[in-house]
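The values are calculated or read from the model by the stated rules, or taken from the named source; none is laboratory data. Just so you know, these numbers come straight off a predicted model, no measurement behind them. Here Cβ is always computed from backbone atoms with ideal geometry, including for glycine, and neighbour counts include all displayed protein chains. Please note that ligands, DNA and RNA were not included when accessible areas were found on the heavy atoms of the full protein model with its side chains. Shrake-Rupley method; radii C 1.70, N 1.55, O 1.52, S 1.80 Å.
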Amino acid sequence: MKLNEKTLFLIGLMIPAILVFRSFFTNSPLVWGDAPFFYSDGLKELQQQFYVWVERGNNFGGPNLFLSLYPLMFIYGFLHNTFGLSNDFILRILFYFPSVILAFIGPIILTRYLKFSPVIQFFSSLLYGINTYNLLLIDGGQVGVSLAYGLFPLSLFFLHKLISKISRINFLIATLSLVVLTICDLRIALIAILTVTFWKIIKQIINRKFNWKIFAIISLSGIVTALINLYWLIPLSGLLNSIPTIPSNSNFISLLDTLLIFQPHFPSNEFGKISPPPFYFIGLPLLIFAGFILTKTKRIFSLTLCFLLFAFLAKGSGEPLGEWYLRIVNLPFGIALRDATKFFAPLLIFAGILLGNAASKLSKMVFGRISILLIYLYLLFLVYPALTANLNGVLGDKEFPAEFYTLVNQLKNEAGFYRTIWFPERHPFVFQMEEKPALDAKDLVNNRPFASINIGTFDHFNFLNNSQFLDWFNLLGIHYLIFSGEQRKSLTDAEKQDWSNLLKLTANVKGLEKINISPNIPLFKLNQSKPHIFAVPKLIAVVGSDDIYEKIKKQNINFSVGNQAFIFVEDGKFDPKNLINFNLSSKSVNLVFNDKQPLDLTMSLLQRHFISPVSATKSEWAIRENQDYLKWKYELLTYGMETHEFNYGKGIAFSTVKGERIYFDIKVPKDGDYILAVRSMSNNGNFKWQILEETSLKKGNLKKEFINSQELEMLNILALVPKKDFEEAENITQQLMNKFTTLNLGEIAKANSKWLPIEYQMVSSVKYEIKNFPANHWLIFTDSYHPQWQLVSDKALLSSWPIYSMINGFYINGAEDNFHLKFIDQEKVELGAKISMTTLFLLVIICLLPYDKKEES
């Protein structure tokens, strides 16, 4: 290629890149959406040990969902702590500049290696670097994904080199490229392997030449990559129950969007606000398929089939054939592909090559080089909002809000542990540390106490109308309420009015003090809030719903939930047998039946036999899963039924039409005598157990049908219980009622319990040291409940109980000097790290040792 052509193509890439990414060269903080912002104190924490439980990004702590990013975050902290670099500068040199540069260079390297013409190299680079998908990744601050997107073409290049010439050095480089890609984003690394695999399969089918050896070497590279990543994959395996396992809601993307290579959030980039592709995007598929028609080679045909395949995958669960994508996601490891938009990466690679092919062919047929210029200008026209800086996030005009300096100084100068809660969600410039966590207000309703007192699904903040909320904030260590405002979208007039009403409501709450920091950021302070860890003398084991708090409050206005612990036997998180199995003092626990009977306690001991209505074989009833709690609670309210009942985490089915049916096919594990029971609700807002029948059954299946005979009927649990197990549960129920005193609500209201501060030290986010804990008390730890939290001493290892159906509690029977509160899955990190380092060491040694190159193929 002539020098002037190279220069023209380089200028053609640089001009739009500089215009689109001009904010990289300004004082703009580039912190928006998901991009991290760390103040100096937070940056110092990034070089700490790799922890699987963190406060940052989780309300009340939670599994570290960004385990794979640890090497990058370590470098992030190192650049600040060693060289004093600011957050803004580190973001640019570690994420933004590499993402953009690689997105332009990678396709050129790949297409040049594949021996495509300079025109194809140019257009593949231009389309891959500047398109609606990549622009919204960067504009939304998705720095890890955008870096993986930039690395994606290089990984394809190294994998292609490996399968073209299998050698040790090519294997090493290809595998290391996958390792780096996995650190940035596991899903895009898997998609890179799938892309090369599908590409080669399609090519071999068309050419009718099959070489299965290349698939073996790709698989081997993938296995080695997985072994090197075991430092985070092994700990992750123990946290899978805490990570969403359902496909993301990607059905907002249609096949039309992917064929037109249009991300439907462009250009507003506002959550929930999508747009159909503008009509002028039709030129992209027309050019792509025109190139195919004009070329008609097997190579272009295979690339066109790959383009269509990934257009189908990128639309996710959207129609047509969305159920097929859901089946893929439900396969082993398919959860890694839950975000279908990641398939835009290979889609754009194939689209760029095919578009460049069309430009090359058209330039030889009509208008010459003017054809190339017209197609170039057309591609720039498609992203004109980005060229003119009319995007709303990182690529728009942003400034650091000066009032945050004052706010952060206020928060930093407050000693000790406390939590802040940000309305409606954490601001991009949120101040947070492991000892001073920040909470998303909009996500509070995902925690049971707030879900119970909140009404509906649209307004996540109406729990502020309930007087209980301040008591919960106190218990959970929430010290500041910060109303930083909506940052991800523009508010409608109605939403602005709602925001104003929310501020007025908060300003009138007794017990909150307004701090005058800035008129743009209203700040309120609780006069009192509890420490991270404290002690209470009593546990109330409740059979029934959590409206018990409100009932007790009505009898004693001074009642506080934090002066005693509550546990609910019907929340599905707790096995009441533990009340007998653990060495509990009879005075440490009281039983209370909140509109329930001993049968309810008996059935709570038999949860292993429960059948969810979600598993019905056929249903005319409405089915709601456990995560739909707010929805079905509000639906019942519209029918005049108010309820706060637990559903054992099994969901519900309800019917409002007489004669509607729901069918079950129940597995009978072996011959024997059984009791068939059902937990249902009619019109009083309380679930009630009913023994339907006692019968002898043979091993096999039992078909059962329920018919709605009322205006409103709800089904929660169907249970087929061996009679022997039921009798054992009845016996345990009697033991519990004999050992622990059963109190009524009035007696609880009169109880004189009082919480106690204790001596503790936070060693890390996964370990706390407890000293001089009082005997026969309950330790309350206000991080989210997780069974992997355990209290360890020289004499015992105690598992966590779900206190308030939300946080962790432990009973300490005798006095000991020292305890360690540990997140046990942290121990898996060492095992994973050893395997990872050993695998990496062996890989490098084996690939770099001298060998006979004649063995290569």
For this session: Skip the ligands, DNA and RNA, and give the accessible area per residue of the chain with a 1.4 Å probe, whole Å².
Result: 44 Å²
For this session: Please report, in Å, the Rg and the Dmax of the range 455-575, where both are computed over Cα atoms only.
Result: 17.2, 50
Exercise. Counting only the heavy atoms of the protein chains, how much of GLU759 is accessible to a 1.4 Å probe, in Å² to the nearest 10?
Worked result: 100 Å²
For this session: Send over the per residue convex hull volume for the range 718-857, Cα only, as a whole number of Å³.
Result: 276 Å³
For this session: Using only the alpha carbons, work out the radius of gyration and Dmax of the range 609-672 in angstrom.
Result: 13.6, 45
For this session: State the Kirkwood hydrodynamic radius of the range 760-828 in Å, one decimal place, computed from all pairs of distinct Cα atoms.
Result: 12.0 Å
Problem set entry | Positive-end residue, the range 648-753 charge dipole about Cα centroid, Cβ charges, pick of ILE675, PHE740, LEU702 | LEU702
Seminar exercise, completed: Share of Cα-Cα pairs in the range 179-223 beyond 14 Å, whole percent, is 53 percent
For this session: Report the relative contact order of the chain, percent, no decimals, based on alpha-carbon pairs under 8 angstrom and at least 6 residues apart.
Result: 13 percent
Exercise. Given C-alpha coordinates of the range 28-108, what is the ratio Rg to Rh with the Kirkwood estimate of Rh?
Worked result: 1.00
For this session: Relative to the compact-globule scaling 2.2 N^0.38 Å, provide the ratio for the alpha-carbon radius of gyration of the range 539-692.
Result: 1.16
Exercise. Calculated from DSSP H runs of 4 or more alone, at -39500 (n - 2.57) each and per residue, what is the 222 nm mean residue ellipticity of the chain, nearest 500?
Worked result: -13000 deg cm²/dmol
Seminar exercise, completed: The percentage of the accessible area of the range 593-693 (probe 1.4 Å, all protein chains present) made up of carbon and sulfur atoms, to the nearest whole number, is 44 percent
Problem set entry | Computed label-point distance, nm, for sites LEU491 and PHE582 using a 7 Å Cα→Cβ extension | 4.4 nm
For this session: Take the alpha-carbon centre of the range 126-169, take the same for the range 659-719, and report the distance between them in whole Å.
Result: 53 Å
Seminar exercise, completed: If every Lys and Arg gets +1 and every Asp and Glu gets -1 at its Cβ, then about the Cα centre the range 453-497 yields a dipole, in debye to the nearest 20, of 120 debye
Exercise. Residue farthest toward the positive end of the dipole of the range 458-584, with Cβ of Lys/Arg at +1 and Asp/Glu at -1: which of ASN516, PHE463, ASN583?
Worked result: ASN516
Exercise. Which whole-number percentage describes the relative contact order of the range 476-609, with Cα contacts under 8 Å and a sequence gap of 6 or more?
Worked result: 25 percent
For this session: Might you work out the accessible area of ILE205 for me, using a 1.4 Å probe with all protein chains in place, and round it to the nearest 10 Å²?
Result: 100 Å²
Seminar exercise, completed: Taking Cα atoms only, helix 629-638 is inclined relative to the longest principal axis of the chain by an angle, in degrees rounded to 10, of 60 degrees
Problem set entry | Check: the chain dipole with +1 on Lys, Arg Cβ and -1 on Asp, Glu Cβ, in debye | 3200 debye
Exercise. Of LYS554/LYS688; LYS573/LYS822; LYS161/LYS364; LYS551/LYS633, which ones are farther than 29 Å apart at the Cα?
Worked result: LYS161/LYS364
For this session: Would you mind telling me the share, in percent, of accessible area of the range 499-538 contributed by carbon and sulfur at probe 1.4 angstrom?
Result: 46 percent
Problem set entry | Percentage relative contact order, the range 543-603, counting C-alpha pairs under 8 Å, at least six apart | 53 percent
For this session: Enter the accessible area of ARG488 (Å², nearest 10), with the probe set to 1.4 Å and all protein chains included.
Result: 110 Å²
For this session: For LEU692 and ALA402, compute 0.36 nm times the residue count separating them, minus their Cα-Cα distance, and round to one decimal in nm.
Result: 97.7 nm
Problem set entry | Rounded percent of accessible protein surface that carbon and sulfur make up, the range 28-91, 1.4 Å probe | 62 percent
For this session: Compute the acute angle (0 to 90°) between the alpha-carbon long axis of helix 118-129 and the principal axis of greatest extent of the alpha-carbon atoms of the chain; round to the nearest 10°.
Result: 20 degrees
Problem set entry | Greater than 31 Å apart at Cα, pairs in LYS442/LYS510; LYS342/LYS398; LYS203/LYS361; LYS489/LYS650; LYS530/LYS650; LYS724/LYS750 | LYS489/LYS650; LYS530/LYS650; LYS724/LYS750
Seminar exercise, completed: The extension gain from LYS699 to ARG299, computed as 0.36 nm times the residue separation minus the Cα-Cα distance, is 138.2 nm
Seminar exercise, completed: So, with points 7 Å from each Cα along the Cβ direction, the GLU513-ARG369 label distance in nm works out to 7.3 nm
Exercise. For the range 104-224, what is one quarter of the convex hull surface built on the Cα atoms, given in nm²?
Worked result: 7.6 nm²
Exercise. Out of every Cα pair in the chain, what percent are spaced more than 45 Å from each other?
Worked result: 37 percent
Exercise. Taking the Cα centre of the chain as the origin and placing charges on Cβ (Lys, Arg +1; Asp, Glu -1), which of PHE310, GLY140, ASN776 is farthest toward the positive end of the dipole?
Worked result: PHE310
Exercise. So, in Å, what gap is there between the alpha-carbon centers of the range 521-558 and the range 407-454?
Worked result: 18 Å
For this session: Please work out how much length the chain gains when fully extended from PHE458 to GLU550, using 0.36 nm per residue of separation minus the C-alpha to C-alpha distance, in nm with one decimal.
Result: 30.8 nm
Seminar exercise, completed: For the chain, the longest principal axis of the Cα atoms and the Cα long axis of helix 168-184 enclose an angle in degrees, to the nearest 10, of 50 degrees
